[in-house]
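J.: Here you go, one structure.
Each reported figure results from applying straightforward, stated rules to the coordinates on display, with no laboratory input. Just so it is clear, the model here is predicted, and its values are computed rather than measured. Don't worry about glycine lacking a Cβ; one is built from the backbone with ideal geometry, like all the others, and counts go over all protein chains shown.
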Amino acid sequence: MVQRALTVLIALCLFAQGSFAIGQSKEWIKYSSPEGRFTVLFPSQPTENKADVDTVAGKIAMHSFLATSENNIFLLIYADFPEYTDFSDPEHILDAGRDGGLRNAHAELISEKRVTMKGYPGREVIAKTVRADLTINMTLHFYLVKKRVYQVITGKFKESTEGDSKAEATKFFDSFDFTEPESKNEAAPSAPRSGEWVKFASSAGRFNSLFPLQPTERSSDIDTVRGKVSLHSITSERQDAAFLVAYADYPFEAKDAEIDGVLDGVRNVLIKNRRLVSEKNITMKGYPGIEFKAKAGSPTGAGMIGRIYLVKKRLYQVLIQYADTQRSAEFDKDVTKFLDSFDFNEPEPVKALATNRVPNWKSERFSMR
């Protein structure tokens, strides 16, 4: 039963790789991880594991530490997100972590409250999951410490003795402590740069572009005001920035009078929690678009530079998300190289869409301060 419960709990954390030893000890062990910058008490020597996991922020390494007792499962996970990840809205990040974990574990949310530790935001989540005849009650503590996420988790079997199980869980949670980074504003090390860029062509996406590193492809269905659409993204990640081309096909073609609203709406979603500093209207092969620049809205946020094109029913987004601390003349050259390399093939010979957009800079309306 312990092994089955363990499988369910690990599924909650999107961490279903590796094998874990099960053991108990009367004396709890104080465990310290210099790399993880944390200490915690475990009922037995924990088993460590590491796996690369695909997330909306790209592929990240998740480190897990697992131990069990007769009543409970004890799991601690931490992961570092890339420096360019936008954490300007920590509550949104915590919401996404909660929803994704519960969804993958087919778990029911029982209760939730906001918590803090050393001034960093977190959540305490209580949930329940049932698989066949096995019920596990789970308590999860999430903490967002700069670009690192800690998950401190216990799972209790329904048949467990309530008193012993609760006391063990309290001991585990109360013992957890982390060491803060040297500075909340410390810069990430400069990313290694490759002299040879990768030329990527997508027959389905009808586009080609240069990327600084070999990109990865992802697809997902998203809800929009125009209905559910499939979003396809191709991303090349460095530590300082992510270079991304995304495209989606809308159910119907926007009318001329709607084009401005579509482009502005997409831009507004992209720059949420950022500060727009410049914008201009552009065209490509007669199709309308926007080029914009936005700065991070907070010290933990990320800046964005991008171009958006509306090609009949298809919307292209060519984006660079970056850590503000990484801006340099060399980086700006990479941005220009990426944006200028993008090209798309028209679906068929068509008359260029009429639009009142003309390629004029509008940056004077925005402050660079």
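J.: Taking the Kirkwood radius as the inverse of the mean 1/r across Cα pairs, report the Rg/Rh of the stretch 47-116.
T.: Working: Rg = 14.1 Å, Rh = 14.3 Å.
Rounded to two decimals, Rg over Rh is 0.99.
J.: Right, another one. Which pairs break 21 Å Cα to Cα here: Lys50/Lys171; Lys128/Lys156; Lys295/Lys333; Lys59/Lys333; Lys285/Lys337; Lys199/Lys333?
T.: Check vs 21 Å cut-off fails for Lys50/Lys171; Lys59/Lys333.
J.: If eta is 0.692 mPa s and T is 37 °C, what Stokes-Einstein diffusion coefficient results for the stretch 203-281, Kirkwood Rh from Cα pairs, in µm²/s?
T.: Reported coefficient: 222 µm²/s.
J.: Sort Ile234, Ile136, Ile308, Ile222 so the one with the fewest other Cβ atoms within 10 Å of its own Cβ comes first.
T.: Ile222, Ile234, Ile308, Ile136
J.: When a footprinting reagent is the concern and you count Cβ atoms within 10 Å, what order do Val269, Val277 take, fewest first?
T.: Ascending Cβ contact count within 10 Å gives the list Val269, Val277.
J.: Fewest to most neighbouring Cβ within 10 Å: what's the order for Ile93, Ile73, Ile60, Ile29?
T.: In order of increasing Cβ crowding within 10 Å: Ile29, Ile60, Ile93, Ile73.
J.: Further, regarding this structure: Calculate the spin-label point distance for Thr283 paired with Glu330, positioning each point 7 Å from the Cα along the beta-carbon direction, and give it in nanometres.
T.: Calculated label separation equals 3.9 nm.
J.: Calculate, in nm to one decimal, what Ile29 and Val198 gain on full extension: separation in residues at 0.36 nm each, minus their alpha carbon distance.
T.: Details: separation 169, 0.36 × 169 = 60.84 nm, distance 4.89 nm.
Full-extension gain reported as 55.9 nm.
J.: Any aspartates and glutamates with Cα under 18 Å of the Lys113 Cα? List them, leaving off those in the same chain fewer than 8 positions away.
T.: Correct list for Lys113: Asp89, Glu91, Asp95, Asp99, Glu124, Asp174.
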